[in-house]
Structures are given as C-alpha cells and as structure tokens.
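This report refers to the structure that appears directly beneath it.
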Amino acid sequence: MKLVVHVHDLPMWSLPVAQVERIRRALPQVDIVDVRDYADCRAAIVDADVALAPRMQAATLAAATRLRWVHSTAVGIGWLPLADLAARGIPVTNVRGVHAEILAEHAMALLLGLRRQFPAADTRRRAREWAQEALAAIPVPRLSATTVLVVGLGGIGTHVARYASGMGMRVIGVRRDVTLPPPPGVDRVVPLSAVRDWLPQVDHVVLALPHTAETGQVLDAEALALLKPTALVVNVARGSLIDEGALAEALLAGRIGGAGLDVFATEPLPDASPLWSTPRTIITPHTGACDGDYWTPAIDCFLENWARFEAGAPLENVVNLARGY
Ligand code: GLV
C-alpha cells in the first residue's frame, strides 16, 4: 500500500514533518512518500493508493493510476479537483467537526469583541489615550436583546448556536434541509433562500457554511445593503462568501456596525485590501481553527479512517462531491 502526503502552498496548511513521522510509526507497513511540491506529487501519485492532501491539481489526479481515497486535512475541499474525483468515483474525506468547537469559540470572540467596541479601544490604546468618555458613550445593546443569524448549521454553526443562545440571543439558523429538527439553541431554522428576508431583522450574522456553487456569495453588495447599520458580520467560513469590496465600503460609510473576519477571498490578505484599515474591524489570519496544535486531532481523524479503510469498513467524514461539502 502506498500513501502520498502532499503539502499546501501556505506553510500553515502543510502537514508538519513531525506528523508525517507519526504516521510512519502508526503505519509501518505502508510506503509513505512525503512530497513538498506539485511536480514531485505528480510523480509520486502514479502508483499511490491514498493521498493525504488539502490541495491537489487536476493534472496530479490525472497521473494517478490506482488512487482509491483522498483525505483532506482541511474541512473546505475547494482546493481539490472535485469533478474529476467524482467522475473517477474516488471518495474524499475531510476533518469535518475536528476543529468545530474552537472555531465556534473564535466566532463568538469576534462577535463579542466587536459588540464591546474592542477595535475602538485598541485604536485608543495605540495612541496611549484613556478614552473613557468616548468609549462609554457608544451605544451597545445587551446581547440578550439581540438576534443572530447563523448561516450554516454544521459542526461550527451548531456550537455557535449553543453559545449564542446560552447568552440569551435569539438564534435563527440557516441550513439546506429545514425538515431536520432544530439543533439545541436554535429558535428557528430557515433555508438559504430566506437569508435576505432575515438580514434586515437580525443584529449579527455568523457565516459558518461552505462556499459552493449553491451558496455563492451569500453576502454580496445587495445583501450587505439589507443589514441594519448596527449589524455585525462574522466570517469563519470562506472569504469568497462575501463581496469584500462592498463590505469595506459599508464599514467606511458606517452602513454596518462591524466585521470580524478570519477568512478572505485571497489569502494571505493582499496588502492592497481596504479591509486592513476599515474601522470596527477585527482581522485574524485564518487561525480560527488553531489552538497551538491543529495537527494532532487532524491526524487522529485520518488514522482512525485508515483503520476503516484497511478493514474495508465505510469511511467517516465522506464528503458529498456533488454538493461540495
Ligand atoms: C480551513 O479553512 C478548512 O477548510 O479546514
């Protein structure tokens, strides 16, 4: 059996060598090839059975002659050639759920930090200014008097819903299948097609959904224009779900209350992005899933699935390639 481990262009998403060694120790019977660039990956994948990779080029997949499984070390699978994998019937699994709780904590931290005016406090701190009167005068609602629209009720969204309802917020959850019972803390479940009806009514929007052809740019310029001028937008999903230019304009013009962003259409966020300097904005560099050890639970998840793969048992966390998540 041969396993190819391929890295990502960004070091943060590349499997650390120590984890490759851990896989070698756990699977001594397996021929493990750790490749660090696309050309090497194309050569190594020719006779590989399994690929462990968050990202793969279509040409790499085309070179594979006996690939039977791809495991993504990310949740988002937009970096894989999904249509080609589907056409060849190669299953893809991911790390869905593994970092959901920490990501939900991150989303709540962004929401609370924005609601409590932390960006303004930090600006004043940098100027060594004790801006007590100015900050005290900013009107801030009690969270228990607010409504949050949680778009996406997967692992992250269900944790966000639980935390938000624990703080007294009314929670409207958006998901594809509205016939399923609402997860704990969700007052009402609505479909994606109802998002625009809800945008004018809510105080916060948390994006926790995958970016697919179906979900598109859920917060495009028109959708952003529907929000209350005090509304907060939190995104821990994918940057491409938001029209970033329109968001920056809305922040600059005071047409929305704030934005907490962990993900961006282009990463690293380009120097020229207006979001670096918009007011009432918190930016984290796609670290919402991180707690100092992203990789141990991610590889636990892979190794558990490997045992199933070897035993011929059904894999867990299998992605629906047609849906894209
Ligand atoms: C990170 O963004 C992931 O998809 O896991």
Note, ³J(HN,Hα) from phi for segment 34-46, Karplus 6.51, -1.76, 1.60, rounded to Hz, x at Gly and Pro:
9, 10, 10, 8, 5, 5, 4, 5, 4, 6, 6, 7, 3
Give me the net charge of L321's neighbourhood, meaning all other residues with Cβ under 12 Å from the Cβ of L321; Lys, Arg count +1, Asp, Glu -1.
+1
At what distance in angstrom do the alpha carbon centres of segment 272-313 and segment 1-27 lie from each other?
15
Determine the relative contact order of the chain: mean sequence separation of Cα pairs under 8 Å and six or more apart, normalised by residue count, in whole percent.
16
0 to 90° range, to nearest 10: angle between helix 100-115 axis and the chain longest Cα axis:
20
Just tell me the longest site-free run in the chain, where the sites are GluC sites (Glu not before Pro) in a DSSP loop having at most 15 other beta-carbon atoms within 10 Å.
1-128
Expressed in nm to one decimal, what extension gain is obtained for the pair R323 and L252 from 0.36 nm per residue of sequence separation less their Cα-Cα distance?
22.0 nm
For the chain, alpha-carbon Rg over 2.2 N^0.38 Å
1.08
Taking 0.36 nm per residue of separation between E316 and A225 and subtracting their Cα-Cα distance, the length gained on full extension comes to 28.7 nm
With a 1.4 angstrom probe the carbon and sulfur portion of accessible area for the chain, in percent, totals 55
Interchain or long-range residues, amide H under 5 Å from V190's placed H
G173, V174, R175
For segment 100-283, what relative contact order do you get, as a whole percent, if you take Cα pairs closer than 8 Å and at least 6 residues apart?
21
Segment 80-96 - phi-based ³J(HN,Hα) in whole Hz, Karplus 6.51/-1.76/1.60, Gly and Pro as x:
10, x, 4, 5, 5, 5, 5, 4, 8, x, 8, x, 10, 10, 9, 9, 3
Could you pull the Rg and Dmax for segment 239-325, using just the Cα atoms, both in Å?
18.8, 59
For segment 118-222, listing chymotrypsin sites (Phe, Trp or Tyr not before Pro) in a DSSP loop whose Cβ sees at most 14 other Cβ atoms within 10 Å gives W130
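Classify segment 184-294 as rounded, prolate or oblate, taking a ≥ b ≥ c as the square roots of the eigenvalues of its Cα gyration tensor: rounded when a/c is under 1.5, otherwise prolate if a/b is larger than b/c and oblate if not.
oblate
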Quick calc of log₁₀ I(q)/I(0), segment 100-142, Debye, one scatterer on every Cα, no solvent, q values 0.22 1/Å, result -0.75
Rounded to the nearest 500, the 222 nm mean residue ellipticity computed for the chain from DSSP H runs (n ≥ 4, each -39500 (n - 2.57)) alone is -9000 deg cm²/dmol
Could you give the length gained on full extension between A307 and A58, defined as 0.36 nm per residue of separation minus the Cα-Cα distance, in nm?
86.9 nm
Which values, in whole Å and largest first, are the semi-axes of the equivalent ellipsoid of segment 100-283 obtained as the square root of 5 times each eigenvalue of the Cα gyration tensor?
26, 19, 14
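Which of the trypsin sites (Lys or Arg not before Pro) across segment 1-78 are loop residues per DSSP, with 15 or fewer other Cβ within 10 Å?
R36, R66, R68
Per residue, how big is the convex hull around the C-alpha atoms of segment 269-313? Give it to me in cubic angstrom, could you?
Details: hull volume 5.3 nm³, N = 45.
Cα convex hull per residue, to the nearest whole number: 119 Å³.
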Percent relative contact order for segment 22-76, counting Cα pairs under 8 Å at least six residues apart, stands at 32
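The values are calculated or read from the model by the stated rules, or taken from the named source; none is laboratory data. All values reported here derive from a predicted model rather than from experimental measurement. Cβ sites come from the backbone with ideal geometry, for glycine too, and all protein chains shown count toward neighbours. The protein model used for the area step is the full one, side chains on, heavy atoms only, and it has no ligands, DNA or RNA in it. Shrake-Rupley method; radii C 1.70, N 1.55, O 1.52, S 1.80 Å.
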